[in-house]
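Reading through the structure tokens given below for one structure.
The values are calculated or read from the model by the stated rules, or taken from the named source; none is laboratory data. Quick caveat, the model's predicted, so the values are computed rather than measured. When we count neighbours, we look across all protein chains shown, and the Cβ atoms used for this are built from the backbone with ideal geometry, even at glycine.
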Amino acid sequence: MLTDLTLTDFLKKLGSQEPTPGGGSSAALAASLGANLLSMVCRLTAGKKGYEEHWDECKGENAGIAETADRLRVLIDEDTEAFNALMASFRMPKESPEEKKARNIAVQKCTKRAIEVPLEVARLSRRLLTKVPRLALIGNRNAVSDIGVGALLLTAGINGAVLNVEINLAGIKDEGFVRETRDTIKNLLEGVPTDLNAAMAKVHERL
């Protein structure tokens with residue numbers, strides 16, 4: 001599993017000529033890093049003197065943030081697994097009509113999976129990004145730069161995941177699925193610059 005590798009080994013694999021891990025797993029990793037930074041800020045705020053009025057809020061938020069961070073970590077591997085499965089479906093035999101039919105079904109199924117994984121990354125990242133402006137306002141001031149980095153990483157996770165959704169949509173024959181997915185992407189991206197700018201403005205204000 002990618003997440004069991006050392007950081008050095010992961011980066012070496014990422015920079016190799018092998019197709020995996022690639023952009024999808026990298027987007028999930030960026031999002032996971034961002035989520036864990038937000039979790040850290042919540043922990044550095046709850047229980048700290050001077051932030052008493054925000055202790056309960058940060059504790060409550062951290063429960064969901066930490067859970068999401070764990071899921072994003074799992075998605076690092078799931079994205080590569082989905083890509084590998086898709087590549088395997090392309091290698092299926094296609095000599096007879098029966099083989100062609102089985103191959104086409106498998107390709108479509110695996111392509112949808114290769115879309116569903118980054119789409120989940122984008123959804124989870126987007127949900128967390130909405131929390132950042134508030135955390136930038138109430139979080140421990142000593143960790144305000146970490147909030148900013150977290151916001152940037154989550155935004156990278158969203159945009160990177162969406163790119164991986166879009167490149168795979170070209171291979172889907174189900175027009176209804178394509179339309180629905182494009183609508184989902186549009187909704188996910190709406191307001192991202194607003195939330196990011198609001199968070200970064202507050203971060204710079206408190207630096």
In the range 161-199, what count of residues is obtained for those that are part of a helix (DSSP H, G or I) and more than 23 Å from F90 (Cβ to Cβ)?
20
Residue check, T111 against (1) free of Cβ contacts under 8 Å to residues at least 40 places away in the same chain; (2) under 24 Å from the mean Cα position of the chain (by Cα); (3) over 30 Å from A143 (Cα atoms), all met but one. Which one?
(1)
Lone qualifier among D146, D195 - being of a type in the set (D, E) and touching a Ser or Thr at 6+ places or on another chain (Cβ under 8 Å)
D195
All but one of (1) over 28 Å from G22 (Cβ atoms); (2) in contact (Cβ under 8 Å) with a residue 40 or more places away in the chain; (3) of a type outside the set (F, W, Y) hold for N62; which doesn't?
(2)
Lone unmet requirement of (1) within 25 Å of L163 (Cα to Cα); (2) at pLDDT 95 or above for F90:
(2)
If you go through the range 48-87 one residue at a time, how many are under 18 Å from the mean Cα position of the chain (by Cα) and among the acidic types (D, E)?
6
Extreme residue, nearest to L33 (Cα to Cα), among residues of the range 82-127 that are surrounded by 15 or more Cβ atoms within 10 Å (Cβ to Cβ) and among the polar types (S, T, N, Q)
S125
